[in-house]
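Asker: If you scroll down you'll find the structure; I have some questions about it.
The values are calculated or read from the model by the stated rules, or taken from the named source; none is laboratory data. The model shown is predicted, which means the values in this text are computed figures rather than measured ones. Positions of Cβ are generated from backbone atoms using ideal geometry, with glycine treated the same way; all protein chains shown enter the neighbour counts.
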Ligand code: COI
């Protein structure tokens, strides 16, 4: 397997780096190292562990104009015995390559992607937080680094991983949702299932509206009928209706979340009834109002599992959930956090051990 070159100045910098802040927040701090790899002449040239630093890009670099870019979000957890583990990284590796194919970008062999994640995690081991619910958030991404104004797939790319010791994504205990009925996030045949920056950029106009209205997350509906719930801007959606967990069935307009899959698998193993199906926003609001929808929650790598307090519609009417810290949401949340933190038994293959590096 190809090796990652370790630069001694990167090792020196990370060794000396500490964070003394009880409020880590999300993405506020980054480890002073990064993985960088260059794709050129039809292959990945080399992988380096370098000091973290600014990228020098020509103003005509294609990613700056045409957005040929993909990324992932992953987490590394510290267990009570001080060993550290990545959570289901093979799923991120696979999704990264799925996004790469859709965006006409080169794939990264899965074992190389995992090796690079493991190296940056191992060198950042002392930065993996100890507190329950905190983790080292890894952000692998790839950009088209070729220079030129022509609209065609680039031939040169940069792959980078940065690592951020992080806490909770949401500052509050529960999430207020704004239902977006005008803008759309993506359309069938588009790139909604790919983790590419453009999907997030397309959500920002609504994000501004959402925040102005005192909400936290935008809920996206399908682009054809403006009727069916798809996902939130950076996370997937679940509701409990008539005692059954319901989540929108995957389509090419919904991101196939690793946490979404984990929620489904945990619910099935706990014998909680669950349906992946189309869910109209009318059904959702009606069942909230008549009390049949008892709780709803969001989930994602950054968000973990967070309860929803209410939904605001276009006419500014508010539909509040009967239970904010609902039983199902809290049961699944505690289970997931327990598995990730090594406090309850993990299903086979969910935890990927990071080997120690002595430096
Ligand atoms: C993640 O959960 O890892 C994401 O990429 C979504 C974003 C809200 C941070």
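Asker: Answer with yes or no whether residue 92 is in the same structural domain as residue 34 (by TED's automatic domain parsing), away from the ligand (no atom under 16 Å from the Cβ) and within 19 Å of the chain's Cα centre (by Cα).
Answerer: No: the conditions fail for residue 92.
Asker: Kindly provide the set of residues from the stretch 199-225 that are under 19 Å from residue 144 (Cα atoms) and buried (at least 19 other Cβ atoms within 10 Å of the Cβ), ordered by number.
Answerer: Once the filter is applied, which keeps residues that are under 19 Å from residue 144 (Cα atoms) and buried (at least 19 other Cβ atoms within 10 Å of the Cβ), the stretch 199-225 yields only 199.
Asker: In the stretch 210-246, what residues are outside any loop (DSSP other than H, G, I, E, B) and within 16 Å of the ligand (Cβ to nearest atom)?
Answerer: If the condition is that a residue be outside any loop (DSSP other than H, G, I, E, B) and within 16 Å of the ligand (Cβ to nearest atom), then 210, 211, 217, 218, 219, 220, 230, 231, 232, 236, 237, 238 are the ones that fit.
Asker: Is there a residue in the stretch 71-89 that is over 22 Å from residue 135 (Cβ atoms) and more than 16 Å from the ligand (Cβ to nearest atom)?
Answerer: No - not one qualifying residue is present in the stretch 71-89.
Asker: Another question, if that's okay. Could you grab me the full set of residues in the stretch 248-265 that are within 16 Å of the ligand (Cβ to nearest atom) and crowded, with 21+ Cβ neighbours inside 10 Å?
Answerer: The answer is 254, 255, 257, 258, 259, 260, 262, 263.
Asker: Residue check, residue 180 against (1) surrounded by 20 or more Cβ atoms within 10 Å (Cβ to Cβ); (2) out of contact with any strand residue (DSSP E or B) (no Cβ under 8 Å at 6 or more places or on another chain), all met but one. Which one?
Answerer: With respect to (1) surrounded by 20 or more Cβ atoms within 10 Å (Cβ to Cβ); (2) out of contact with any strand residue (DSSP E or B) (no Cβ under 8 Å at 6 or more places or on another chain), residue 180 is out only on (2).
Asker: Right, here's the next one. Quick check on my filter: what residues within the stretch 266-301 are away from the ligand (no atom under 16 Å from the Cβ), assigned to a loop (DSSP other than H, G, I, E, B) and either more than 25 Å from the chain's Cα centre (by Cα) or surrounded by 13 or more Cβ atoms within 10 Å (Cβ to Cβ) (or both)?
Answerer: Selection gives 271, 272, 273, 278, 279, 290, 291, 292.
Asker: Inside the stretch 30-47, can you point out the residues that are within 22 Å of residue 118 (Cα to Cα) and surrounded by fewer than 17 Cβ atoms within 10 Å (Cβ to Cβ)?
Answerer: 38, 43, 45, 46
Asker: Please determine, by comparing only the residues of the stretch 184-209 that are assigned to a loop (DSSP other than H, G, I, E, B) and out of contact with any helix residue (DSSP H, G or I) (no Cβ under 8 Å at 6 or more places or on another chain), which one is nearest to the ligand (Cβ to nearest atom).
Answerer: Among them, the one singled out is 203.
Asker: Mind listing whichever residues of the stretch 302-338 are assigned to a strand (DSSP E or B) and either within 16 Å of the ligand (Cβ to nearest atom) or not assigned by TED's automatic domain parsing to the domain that holds residue 264 (or both)?
Answerer: Those that are assigned to a strand (DSSP E or B) and either within 16 Å of the ligand (Cβ to nearest atom) or not assigned by TED's automatic domain parsing to the domain that holds residue 264 (or both): 304, 305, 306, 308.
Asker: Taking the stretch 147-170 on its own, how many of its residues are touching a strand residue (DSSP E or B) at 6+ places or on another chain (Cβ under 9 Å), more than 16 Å from the ligand (Cβ to nearest atom) and either part of a loop (DSSP other than H, G, I, E, B) or in the same structural domain as residue 303 (by TED's automatic domain parsing) (or both)?
Answerer: 5
Asker: Of the numbered conditions (1) under 30 Å from residue 168 (Cβ atoms); (2) touching a strand residue (DSSP E or B) at 6+ places or on another chain (Cβ under 6 Å); (3) in contact (Cβ under 8 Å) with a residue 40 or more places away in the chain, residue 38 satisfies every one except a single condition; which is it?
Answerer: (1)
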